[in-house]
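Presented below is the structure to which this report refers.
The values are calculated or read from the model by the stated rules, or taken from the named source; none is laboratory data. Because the structure is a prediction, the values reported are computed rather than measured. Every residue, glycine among them, receives a Cβ derived from its backbone with ideal geometry; neighbour counts consider all protein chains shown. SASA here: full protein model, heavy atoms, side chains in, ligands and nucleic acids out. Shrake-Rupley method; radii C 1.70, N 1.55, O 1.52, S 1.80 Å.
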Amino acid sequence: MKINLEKLKFGTELIKRGFAKMQKGGVIMDVTNVEQAIIAEEAGAVAVMALHKVPADIRATGGVARMADPKKIQEIIDAVTIPVMAKCRIGHIAEARALEALGVDMIDESEVLTPADVFFHIDKRKFVVPFVCGARSLGEAVRRIWEGAAMIRTKGEAGTGNIVEAVKHMRLINRAIFELQRMDEEKIYITAENYAYRYAELASKVREEMGLGEVSRNDVVFEEYTLGEIITGIYEILLEIRELGRLPVVNFAAGGVATPADAALMMQLGADGVFVGSGIFKSSNPPEYAKAIVEAVQHYDEPEVIAEVSKGLGEAMKGLDIFKLSEEERLQTRGV
Amino acid sequence: MRVAIVGVQGDVEEHVLATKRALKNLRISGEVVATRRKGVVSKSDAVILPGGESTTISKLIFSDGIADEILQLAEGGKPVMGTCAGLILLSKYGDEQVEKTNTKLLGLLDAKVKRNAFGRQRESFQVPLEVKHVGRFEAVFIRAPAIVEVGKDVEVLATLEDFIVAAKQRNVLGLAFHPELTNDTRIHEFFLKIGDRR
């Protein structure tokens with residue numbers, strides 16, 4: 001059959017969400033160079049996240065964290081056959097467009113980098129490339145899905161090697177879905193209004209300073225969308241979640257996974273797969289760690305396998321106590 | 001009828017749901033089981049290898065003994081289907097990407113596949129495709145492979161430009177695209193009936 005180019009459709013929601021579905025049950029590993037990318041591919045990673053520095057080093061170095069050097073990302077794209085993802089700053093449309101032009105397979109609009117916009121995330125529907133975004137709650141997840149994210153991941157607390165925040169975020173989302181399934185349409189609409197209000201914050205702040213009245217439903221508040229349209233969009237997503245009993249896109253765990261048992265724990269809590277950031281290449285034996293985490297995700301409900309793959313792995317990354325981090329040091333509070 | 005979906009990695013749930021709908025449409029009573037362990041495929045009447053990452057799925061099915069069970073089932077004439085990554089695994093020969101990553105293949109379909117034949121994710125597409133025995137079908141290609149050569153026993157079911165994107169060799173069906181991502185179950189129905197026709 002000859003391809004009729006007019007009938008070919010690119011970047012549809014089906015294709016973007018479909019890409020994320022192909023990652024299910026897999027481990028996506030942060031890598032900073034070609035050697036690490038090859039180790040990840042050989043260990044059975046379903047994709048790699050090309051970075052300049054892993055989150056633990058971003059934390060240690062401080063300063064503004066930006067999109068990785070495209071040259072480095074290109075080298076990794078050329079080195080492996082599995083998909084390559086890369087991070088852009090929250091709201092940084094230009095970085096995202098550059099990554100799309102580079103041929104990155106999925107963009108992580110990530111709180112691990114320094115946010116570029118305190119009001120808005122990227123309107124991801126306008127891109128051909130799919131996006132993944134972090135979330136701490138159902139509200140954050142639903143806003144990102146409304147903006148066009150094809151995949152959600154827990155934010156956790158990246159670069160700490162401490163699973164506690166990822167567990168917290170997964171539990172908060174699961175509990176909210178549980179509540180949603182016991183709500184009628186009227187209550188769900190009220191929740192949609194609450195979730196949508198975040199988009200009106202900029203307009204609301206400016207109007208208040210200017211002594212104008214409250215933001216109305218007919219006001220355009222984000223890109224070309226009125227507040228009313230956003231509420232309706234979010235309401236429809238909430239109804240879909242109630243129907244499905246889960247998010248309508250793939251939901252991965254991220255932000256603190258350091259050991260095979262951590263990965264298995266997140267799968268048991270309902271994650272569709274796992275991102276491992278600093279956990280692999282900050283451990284004492286990256287190739288073995290990478291393989292062990294892949295095995296642990298596949299056999300998350302088989303304790304004997306988790307025990308076996310965890311044997312003699314050497315030192316996990318050192319890790320940080322979340323409660324000793326100041327508010328500014330917490331990456332998860334970025335981009336709500 | 002019992003249909004096993006190899007569930008080690010990929011869009012397993014989508015195949016479970018599509019197969020359940022197809023069974024219902026055909027009025028066949030049966031169950032659909034996703035499995036990550038050996039012992040299930042060997043007790044099934046048909047098996048599906050889903051989409052996902054072929055490098056990952058290959059490692060896991062060969063290390064866990066599921067690969068041998070698929071081979072035995074195929075030898076017994078039971079229907080075997082692979083979509084996207086599943087097509088790669090069913091094939092006999094791979095391209096340099098398959099070789100470079102040392103991806104082990106099952107070799108059930110006498111075909112040579114090219115991984116990521118259409119490009120990266122931004123080049124992924126959907127298109128109405130003419131599929132033999134099925135008709136026009138909205139086909140979703142995601143970083144899809146394609147078949148570049150087939151042996152004489154292979155029936156070509158669909159082509160796109162110079163590539164073969166659906167092919168059948170007796171009871172083995174390989175597709176470069178993802179019928180499980182749309183609500184149209186005709187390909188799953190065609191697959192479930194392969195056993196009857198032989």
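Structural remarks
- Straight-line cross-link reach from A:Lys324 at under 29 Å between alpha-carbon atoms covers these lysines, not counting any fewer than eight positions away in the same chain: A:Lys53, A:Lys87, A:Lys155, A:Lys168, A:Lys282.
- Across the stretch A:211-216, coupling constants 3J(HN,Hα) worked out from phi with the 6.51/-1.76/1.60 Karplus curve, θ = phi - 60°, read x, 9, x, 5, 5, 9 Hz, and Gly and Pro carry x.
- Our note on the geometry: Cα centres of the stretch A:300-319 and the stretch B:4-57, 29 Å apart.
- Kirkwood hydrodynamic radius over Cα pairs of the stretch A:1-45, then Stokes diffusion coefficient at 37 °C and 0.692 mPa s, in µm²/s: 246 µm²/s
- Peptides A:172-182, A:158-168, B:167-177 ranked from most to least packed give B:167-177, A:158-168, A:172-182, packing being the mean of other C-beta atoms within 10 angstrom over each peptide's residues.
- Evaluating kT/(6 pi eta Rh) at 37 °C and 0.692 mPa s, with the Kirkwood radius of the stretch A:1-131 over Cα pairs in the Stokes-Einstein relation, gives 211 µm² s⁻¹.
- 1.4 Å probe, heavy atoms, protein only - residues of the stretch A:289-320 losing at least 50 Å² accessible area vs chain alone: A:Gln298
- Cβ-based net charge around A:Pro70, under 13 Å, with every Lys or Arg adding one and every Asp or Glu removing one: 0
- Computed from backbone phi with θ = phi - 60° and the Karplus coefficients 6.51, -1.76 and 1.60, the 3J(HN,Hα) list for the stretch B:55-72 is 4, 5, 4, 4, 4, 6, 6, 7, 7, 9, x, 5, 4, 4, 5, 5, 4, 5 Hz; x is used for glycine and proline.
- Rg [Å, one decimal], Dmax [Å, integer] - the stretch B:103-198, C-alpha atoms: 13.1, 40
- Loss of accessible area when A meets B, both sides summed, Å² nearest 100, probe 1.4 Å: 3800 Å²
- Carbon + sulfur, % of accessible area of the stretch B:143-197 - ligands and nucleic acids excluded, 1.4 Å: 41 percent
- Amide H to amide H distances under 5 Å link B:Ala34 with B:Ile5, where only residues 5 or more positions off or on other chains count and H is placed in the peptide plane.
- Applying 1/(1 + (r/R0)^6) with r as the Cβ-Cβ distance of A:Ala94 and B:Ser63 and R0 = 45 angstrom yields a FRET efficiency of 0.55.
- Taking all Cα-Cα distances within the stretch A:122-169, those exceeding 18 Å account for 34%.
- Chain A, accessible surface, carbon-and-sulfur percent (1.4 angstrom probe): 52 percent
- Within the listed set A:Ala150, A:Ala196, A:Ala135, the Gaussian network model of chain A (springs between alpha-carbon atoms below 10 Å) gives the highest mean-square fluctuation for A:Ala196.
- Normalised per residue, the volume of the convex hull around the Cα set of the stretch A:125-211 (Å³): 144 Å³
- For chain A, convex hull volume per residue from C-alpha positions, Å³: 161 Å³
- Secondary-structure-derived ellipticity at 222 nm for the protein assembly as shown, considering helices only, amounts to -11000 deg cm²/dmol, per-run term -39500 (n - 2.57) for DSSP H runs with n ≥ 4.
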